[in-house]
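The values are calculated or read from the model by the stated rules, or taken from the named source; none is laboratory data. Everything numeric in this text was worked out from a predicted model, so none of it was measured. With ideal geometry, Cβ positions are generated from the backbone for all residues, glycine too; neighbour counts draw on all protein chains shown. Calculation scope for accessible area: heavy atoms of the full protein, side chains included, ligands and nucleic acids excluded. Shrake-Rupley method; radii C 1.70, N 1.55, O 1.52, S 1.80 Å.
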Amino acid sequence: EQPDWVRRLNYLGAMVGGSRRLVRLAADELIEEARESTGLADFGEPGWEDAFRVLVDSLQSEVDLHTIGRLMTRAELLRGLRNRLLVTEACRAQPKIRHEQVVAPLLIAGQGRTGTSILFELLALDTNNRAPLAWEAASPAAPPGATLAEGITREQIAETVNEFLSDVQPAIRAAHEHRWDLPVECIRFMDAEFSSDWWAMLYAAWGWLRWRAEHPTDASYRWHRRVLQLLQYGHGDARRWLLKSPAHLGNLDRLLRQYPDIRIIHTHRDPVRTVPSTVSLSTLMRTSRANGVDANLLGQMVVMGYGGMLRKVIEERGGGVIPPEQITDLHFQDLMKDPVGAVERAYDALGLP
């Protein structure tokens, strides 16, 4: 169920014959808006625009976005475009950023609801680790004040990006905490690469999903590396990056190509428990943006998606794609029974103090 203010705002769209009459989604217009609002023109590595245009077309024609959903979607698309421009400009202005060495990051990867978030926040307390924070992921390059209205800060942008979702759909608070100042999974800054799993998580954009499957690319993870280089540049911080996202489970080979010395903790839990929980959270996130979300279909997609991911990891581990000394396993029940002991065993397996 939606809060009254959300329900009434969505009625505004119905009142005028559809939410698209209130909030436009057009690729050319969004690109021009991003350029005009930043005063920049270079979006960086080519190839992003094809994915962006297919995504926008698919959202427009295949997803029944309600009024607030279209508003949130337009804002997210524009923020992603602006971040591409701002990160590209930061790297142009400081060429040394591209030479930053991201050494042996530590990755938590596992199905959703296997304890990845609990483990992530626990390991973020290790003073040897450095996790991306939500406000950094929302705006990896600080937007010039002149490009923001009314003196808004990066922290306030991040508050909206992370916490507004729970205002729209309060039930999400019980499933997952979203706060602007907490460590955040790195998929949150991959939204500026429009072929990334971030968009797949939020929308049933079937045309874009088919296009993405037919055009595999490492672009999302090259962008991932560029953002980490930017965030660590000039800080003299010797800590290792701590990264996390269930979406990475199906992309460990791509991560290894960017970070050959990466260390991976693969989390596990009974799928009979994780799948319903994942479907519940995903349904809440999608209904915050669109009408007609089919939880049964989403359940089938989650089973198929995670099944494919797990089979791929089994093949990669068995075939030596993932060096055995760089990956270890951690079960949810062990983490709950003895968190410190479970972490100690995982660290020992990876050769970490």
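Look at where the Cα atoms of the stretch 73-115 and of the stretch 242-289 average out, and the two centres are 17 Å apart. For ASP329, the residues 5 or more places off, or on other chains, whose built amide H falls under 5 Å of its own are HIS266.
Equivalent-ellipsoid semi-axes (√(5λ), Cα gyration tensor) for the stretch 218-312, whole Å, largest first?
31, 17, 13
Could you look at the chain and say what percent of its accessible area is carbon and sulfur, using a 1.4 Å probe and all protein chains? Carbon and sulfur together cover 54 percent of it. With contacts taken as Cα pairs under 8 Å at a separation of at least 6 residues, the chain carries a relative contact order of 24 percent. Using a Gaussian network model of the chain in which every pair of alpha carbons under 10 angstrom is joined by a spring, one finds that among ARG70, ARG311, ARG226 the greatest mean-square fluctuation is at ARG311.
Quick one: work out the % antiparallel among DSSP beta bridges in the chain, nearest 5.
10 percent
Rg(Cα) of the stretch 283-353 divided by 2.2 N^0.38 Å? With N residues counted in the stretch 283-353, Rg over 2.2 N^0.38 Å equals 1.59. The convex hull around the C-alpha trace of the stretch 1-61, projected and averaged over every direction, spans 6.0 square nanometres. Once C-alpha pairs closer than 8 Å and six or more residues apart are averaged by separation and normalised to the residue number of the stretch 57-151, the relative contact order reads 29 percent.
Using alpha carbon coordinates only, what is the Rg to Rh ratio of the stretch 102-185, with Rh defined as the Kirkwood radius?
Values: Rg = 14.8 Å, Rh = 14.5 Å.
So for the stretch 102-185, dividing Rg by the Kirkwood Rh gives 1.02.
Could you tell me whether the stretch 188-235 comes out rounded, prolate or oblate from its Cα gyration tensor? Rule is a ≥ b ≥ c as square roots of the eigenvalues, rounded for a/c under 1.5, then prolate if a/b exceeds b/c, otherwise oblate. Since a/c reaches 1.5 but b/c is at least a/b, the shape of the stretch 188-235 is classed as oblate. Taking the alpha-carbon distance from LYS337 and a cut-off under 24 Å, which lysines remain once sequence neighbours fewer than 8 residues away in the same chain are dropped? Partners within reach: LYS244.
Dividing the convex hull volume of the alpha-carbon atoms in the stretch 28-99 by its residue count gives 93 Å³ per residue. When Rg and Dmax are taken over the Cα atoms of the stretch 31-190, they come to 17.2, 47 Å. By the combined test of axial Cα extent (at least 18 Å) and Kyte-Doolittle hydropathy (mean at least -1.0), the qualifying DSSP H helices of the chain come to 48-62, 67-93, 154-168, 219-232, 271-287, 295-318. These residues, GLU316, GLU150, GLU325, GLU214, go from largest to smallest accessible area, 1.4 Å probe, as GLU150, GLU214, GLU325, GLU316. The packing ranking, built from the mean of other Cβ atoms within 10 Å per residue, places the peptides 121-132, 93-104 in the order 121-132, 93-104, highest first. Quick one: Cα centre-to-centre distance for the stretch 166-216 and the stretch 19-41, in angstrom? Taking the Cα centre of the stretch 19-41 as reference, the centre of the stretch 166-216 is 20 Å away.
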